[in-house]
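Below: one structure, written as structure tokens.
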Amino acid sequence: MIRGTVVGQVWATRKARGLEGRKLLLVAARDADGGPTGRLVVAIDVLDAGVGEDVTVAFGSGARNVLRPGPENRDLLCDAAIAVIVEGAG
Amino acid sequence: MIRGTVVGQVWATRKARGLEGRKLLLVAARDADGGPTGRLVVAIDVLDAGVGEDVTVAFGSGARNVLRPGPENRDLLCDAAIAVIVEGAG
Amino acid sequence: MIRGTVVGQVWATRKARGLEGRKLLLVAARDADGGPTGRLVVAIDVLDAGVGEDVTVAFGSGARNVLRPGPENRDLLCDAAIAVIVEGAG
Amino acid sequence: MIRGTVVGQVWATRKARGLEGRKLLLVAARDADGGPTGRLVVAIDVLDAGVGEDVTVAFGSGARNVLRPGPENRDLLCDAAIAVIVEGAG
Amino acid sequence: MIRGTVVGQVWATRKARGLEGRKLLLVAARDADGGPTGRLVVAIDVLDAGVGEDVTVAFGSGARNVLRPGPENRDLLCDAAIAVIVEGAG
């Protein structure tokens, strides 16, 4: 996973089948010092995260498992998903 | 997924089996501030995206699922695909 | 795998199913000279690593196999896991 | 996929089983402006690409599918393969 | 695959099940000009590579296939493996 900050949401009507009704968040990745790296990730959110919140994003099969536990989830169009809303770190 | 801007299309006659008839777009990745990162991705497009459009690109099984829902899609030669044509963000 | 240093732990109550009871560590990646790269990874830990320890982090199916050997582990929400606590290198 | 330029070939006698007879090319990745990024990828080639040619490289299951269509190709030792020899872009 | 130079070996007693008896090498990635990128990878070695040798490293299923051909290798804790010991390039 990476750690990042939610910076916005994506709006779209033309999108691939499998993304209908999915909430897509823009997440700005954080570096080891907690600052922004500049890297932007677009992640599916089922945890109801809001702008400004500190989150972790999972990729690959980890991301699909956020939406529905595998192995019967290979049909999910999801390569990145919000996995944790961070309350504290240290 | 990453977010990027379509900057062109690739033309080729010598290509691997499985790419016949596929439209391949060049996408310049965007950073957390919306600017270009310099990173270039070549993605399959089935959403009819055009040059200059703001898109997201999915990777891995997410990309294959853009073309055909899994799990019976492991024969697809696709590691990156246009998943969303972005209309707005914020 | 990458090599890094454990720099902290993540605390959360809102998290995806499958992460209950999991210990999530923040790992700062190290470069070829042993210094910090700035890259931050969030990894599941089952080896009881502590802050300041030198570790390696595995990704993808390698990470799932740290938690439970495959192939029957595709339900694990894990894309990064502590694989080794490094005692020496050279 | 990424886009890059073939800059050479790798020669070796000690290599893993599954790479016998495989042609391994060195590809220098190109950025969004067409210039070199400095990143180097080693990719299997079955399209007979030559030094100086403009190519795309596929990764993961996409790369395995360049060699043999899936899903029965998980035995292939291939994480990167030349997918397209680019004739034009724009 | 990436190309790199073996710069050392990792020693550990506390490690995940599946890594017992595995030789873990530190590999410094090389860029398109042959120089160091600074990136460090930790890879399993079954080719008996030594410090200073020029190698390629495979990732994902490619890495698992270096150890044992798939598809029955998903239990292997291996996300990176030495695939080739490079003798020459050009």
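Please treat every number below as a calculation from the coordinates, not as lab data. If you're wondering where the values come from, they're calculated on a predicted model, not measured in any experiment. Because the Cβ atoms are built from the backbone with ideal geometry, glycine has one as well, and the counts that use them run over all protein chains shown.
Using a simple spin-label model with pseudo-atoms 7 Å out from Cα toward Cβ, A:Val51 and B:Val46 lie 3.3 nm apart. For the stretch A:2-85, the C-alpha radius of gyration sits at 1.07 times the compact-globule guess of 2.2 N^0.38 Å, with N the residue count. Trypsin sites (Lys or Arg not before Pro) within chain D: which are DSSP loop residues with at most 12 other Cβ atoms inside 10 Å? Of the trypsin sites (Lys or Arg not before Pro), the ones in loops of chain D whose Cβ has at most 12 other Cβ atoms within 10 Å are D:Arg17. Across the options A:Val10, C:Asn65, B:Ala80, the greatest Cα extent toward the positive end of the charge dipole of the protein assembly as shown (unit charges at beta carbon of Lys, Arg, Asp, Glu) belongs to C:Asn65. Between the stretch D:50-64 and the stretch C:1-74, the alpha-carbon centres lie 31 Å apart. What sits nearest the axis between copies C and B, counting only chain C Cβ atoms, is the residue and whole-Å distance C:Gly60, 5. Placing unit charges on the Cβ atoms only, positive for Lys and Arg and negative for Asp and Glu, gives the stretch C:2-85 a dipole magnitude near 340 debye about its Cα centre.
In this simple spin-label model, placing a label point 7 Å from the Cα along the Cα-to-Cβ direction at both D:Lys23 and B:Arg17 gives a separation of 1.8 nm. Evaluated with a Cβ-only charge set (Lys, Arg +1; Asp, Glu -1), the protein assembly as shown carries a dipole of roughly 820 debye about its Cα centre, given to the nearest 20. Normalising by residue count, the protein assembly as shown has a Cα convex hull of 123 Å³ per residue. Starting from the label point of E:Gly90 at 7 Å along Cα→Cβ, the same points in the other copies fall at 3.7, 3.7, 6.0, 6.0 nm, in ascending order. Placing unit charges on each Cβ (+1 for Lys and Arg, -1 for Asp and Glu) gives the stretch D:2-85 a dipole about its Cα centre, and among D:Thr56, D:Ala28, D:Ile44 the Cα reaching farthest toward its positive end belongs to D:Ile44.
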